[in-house]
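Report on the structure given below.
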Amino acid sequence: MATAKHWSGEIHALLRAWRADLVSYVPDAGHANLIDLCRADRATRTVPLATEEEGVALATGAWLGGTRHVMLMQSSGVGNCVNMFAMLKTCQVPFLTLVTMRGDFGEFHPWQMPMGQGTPGAFALMDFVVLRADRAEDVVPAVEAGLKFSFNSYNRVAVLLGQRLLGAKDFRKVRE
Amino acid sequence: MKLDRREVVKELLTERRDLLVVAGLGACAWDITAAGDTPLNFPLWGAMGGATMVGLGLALAQPKRPVLVITGDGEMLMSMSSLATIAAQRPENLAIVVLDNEQYGETGHQATHTAMGADLPAIARGCGFRKASAITKMSALPALRRAIHGKDGLQFASIKITPADYPKVLPPRDGAWLKHRMRVALLGERAHE
Ligand SMILES: Cc1ncc(C[n+]2csc(CCOP(=O)(O)OP(=O)(O)O)c2C)c(N)n1
């Protein structure tokens, strides 16, 4: 993932510029650099989650208290969240999540396919704005649009970071 | 001894001043409303399994204020993993109180896992809570209340209560309104930025 470092640094800078002071995550390889950057940065409070729906409730409490939260997760985690997303809709809580895709372009792993392909539909169930980045140069505009759609115009927003950007992992190869 | 839920909640919310309260769906939401509805209450009407993490978000965003989550054993069982997440953060100003009637009261009194051996304070302790108690006497509540209101460190308490049903005292149910009123109370003009 030679280019990964580059765009994750840009995302981190954007999160700081927007004062997204709380970042929660369930790890995914595609988010590893960004998680490290957030954890190394003293201005960002990072919350490792045991399961993704925790981050949705966390975002609601943080917003009640005046703090902006962003959640990092893998596409599989989206399926864990749907009922909790309903609270965001009912209470009109702004929400931004950055989702590293699996079951996407070039996927090797059959167990990742259903939820990866189902991810946009799961977000659609709760009226999310869904943005996508498939090339390094798409990342900053997509995340910036996501920050605006959530914290300026109070939407639920997902930015999908596609496998063309992240690279697909082939378990039969030694190298990732 | 099993305690009375309304008496317990009334005692915990006595002289509450700047205390923020999140209640899990159902009876706990009616209990905090019976003790007096205020913009500093966020009663959930749904989002089962979300109460403790809403409390964590609020506690991290408002570190100067004490935050109390009051929820049912059924609601707590649905978000058991959040106890590990919260203990890892260890906010000084957060307390979780479970009103444990050993039932899903709201849906027809089906037994929960706490009736079958699940020990919530032991689970909290195992997740990393240094203070996790099982409360069995009304006389223990004033000290618990003072610790919560005084932000005396992250804590968990389970209180066994009788399964009695009370008349529903309903808070406003418009979630957007409940959110706005707390944000305005906490943030003033900043709530609309
Ligand atoms: C995800 C989800 N599953 C099931 C329900 C149905 N439900 C509503 S309240 C409740 C029980 C709550 O039990 P507990 O937290 O112990 O509170 P009690 O009513 O006993 O005070 C259940 C299962 C729901 N609202 N949401």
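Overview of results
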{"item": "Pairs beyond 22 Å (Cα-Cα), from A:Lys148/A:Lys169; B:Lys131/B:Lys160; B:Lys10/B:Lys168", "result": "A:Lys148/A:Lys169"}
{"item": "Cα gyration tensor shape for the protein assembly as shown, rounded if a/c is under 1.5, else prolate or oblate", "result": "prolate"}
{"item": "Translational D in µm²/s for the range A:2-175 (Stokes-Einstein at 4 °C, 1.567 mPa s, Kirkwood Rh from C-alpha pairs)", "result": "81 µm²/s"}
{"item": "Largest-first principal axis extents, alpha carbons of the range B:5-184, Å", "result": "43, 35, 30"}
{"item": "B:His113 paired with A:Asp127, simple spin-label distance in nm, labels 7 Å along Cα-to-beta-carbon", "result": "3.4 nm"}
{"item": "Peptide B:60-71, shielding by other chains (average Cβ, 10 Å cutoff)", "result": "3"}
{"item": "Computed [θ] at 222 nm, deg cm²/dmol, chain A (DSSP H ≥ 4; -39,500 (n - 2.57); rounded to nearest 500)", "result": "-13000 deg cm²/dmol"}
{"item": "Sorted peptide list for B:87-96, B:20-29, criterion being average Cβ within 10 angstrom, highest first", "result": "B:20-29, B:87-96"}
{"item": "Assigned charges on the beta-carbon of Lys, Arg, Asp, Glu; the range B:123-175 dipole about Cα centre (debye)", "result": "220 debye"}
{"item": "Förster-model FRET efficiency, 35 Å R0, A:Arg39 and B:Ala143, C-beta, rounded to 0.05", "result": "0.40"}
{"item": "The range A:106-142 and the range B:18-47: distance between their alpha carbon centers, rounded to Å", "result": "36 Å"}
{"item": "Counted charge near A:Asp104, where neighbours are those whose Cβ lies closer than 12 Å (Asp, Glu -1; Lys, Arg +1)", "result": "+2"}
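Read-outs throughout are calculated quantities, based only on the coordinates presented, and are distinct from any laboratory measurement. Every value quoted in this text rests on a predicted model; they were computed, and no experiment measured them. So basically every Cβ, Gly included, is an ideal-geometry build from the backbone, and we count neighbours across all protein chains shown.
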